[in-house]
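Reading through the structure tokens given below for one structure.
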Amino acid sequence: MKSKRDDHRYQELLEEEKELEKNGPREIDEMRRWKRSMGKISEELQPYSK
């Protein structure tokens with residue numbers, strides 16, 4: 001059973017992911033940070049996709 005805390009974190013992660021997709025990087029250093037952030041968010045979202 002999911003708790004409210006899990007649901008809240010899931011929603012936060014989705015919002016962060018949308019924001020990162022909307023504001024794509026324009027320089028190489030920004031691209032590296034963006035890619036790393038997206039990887040962390042995707043990794044944290046995986047348990048929710050079951």
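The numbers here are math on the coordinates, done by the rules we state, and not lab data. Here the structure is a predicted model, which means the values were calculated and not measured. Here Cβ is always computed from backbone atoms with ideal geometry, including for glycine, and neighbour counts include all displayed protein chains.
Taking 0.36 nm per residue of sequence separation and subtracting the Cα-Cα distance, how much length would be gained by fully extending the chain between Arg26 and Tyr48, in nm to one decimal? Spell out each step's value before the answer.
On the way: separation 22, 0.36 × 22 = 7.92 nm, distance 3.04 nm.
Net length gain for the segment: 4.9 nm.
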* 3J(HN,Hα) from dihedral phi, region 24-33, Karplus parametrisation 6.51/-1.76/1.60, rounded to Hz, x for glycine, proline -> x, x, 10, 10, 4, 4, 5, 4, 5, 5
* To do: Count the net charge of all other residues whose Cβ sits under 9 Å from the Cβ of Ile41, scoring Lys and Arg as +1 and Asp and Glu as -1.
  => -3
* Kirkwood Rh, angstrom, the chain [1 / mean 1/r, Cα pairs] -> 11.7
